[in-house]
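In what follows, a structure is listed as structure tokens, so that the remarks can point back to it.
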Amino acid sequence: MLFLGICLISGVFFWQTWAEYTRLKAVQAQNERRLVELEARLREQEIVLERLRSDPAYVEKVIRRRLGYAKPDEFVFRFPE
């Protein structure tokens with residue numbers, strides 16, 4: 001009887017441990033996917049930053065598009081999107 005009780009308690013403990021392990025593995029997989037996505041986004045932003053530092057034509061393009069700047073003899077037309 002004692003042996004059966006020990007087996008039952010061990011089984012319950014094992015089941016809880018296995019469920020927690022499975023849950024943590026799922027969380028780890030989700031976090032690894034998110035890390036890959038964020039690393040890709042970081043690489044893209046580093047490329048943009050490098051272009052902003054080294055490419056005056058790109059800087060001008062960004063300033064014109066985002067801030068609506070124009071040269072003195074130009075007009076800026078904004079259309080609703």
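Net charge of the neighbourhood of residue 64, taken over other residues with C-beta under 10 Å away and scored Lys/Arg +1, Asp/Glu -1, is +2. Placing +1 on the Cβ of every Lys and Arg and -1 on the Cβ of every Asp and Glu, with nothing else charged, gives the chain a dipole about its Cα centre of roughly 120 debye.
Checking (1) 5.4; (2) 10.6; (3) 10.1 against the coordinates, the calculated mean projected area of the Cα convex hull in nm² falls under label (3).
Taking 0.36 nm per residue of separation and subtracting the current Cα-Cα distance, fully stretching the chain between residue 52 and residue 31 would add 4.5 nm. Ellipticity at 222 nm from helices only: DSSP H runs of n ≥ 4 in the chain, each -39500 (n - 2.57), divided by the residue count, give -29000 deg cm²/dmol. Comparing Cα centroids, the range 1-15 and the range 43-81 end up 69 angstrom apart.
Restriction of the trypsin sites (Lys or Arg not before Pro) in the range 31-81 to DSSP coil positions whose beta-carbon has at most 14 other beta-carbons within 10 angstrom yields 78. Along the axis of the charge dipole computed for the chain (Cβ charges of +1 for Lys and Arg, -1 for Asp and Glu, origin at the Cα centre), the listed residues 49, 6, 24 are led at the positive end by 49.
Read-outs throughout are calculated quantities, based only on the coordinates presented, and are distinct from any laboratory measurement. This is a predicted model, so every value here is computed, not measured. Quick reminder, even Gly has a Cβ in these numbers, built from the backbone with ideal geometry, and neighbours come from all protein chains shown.
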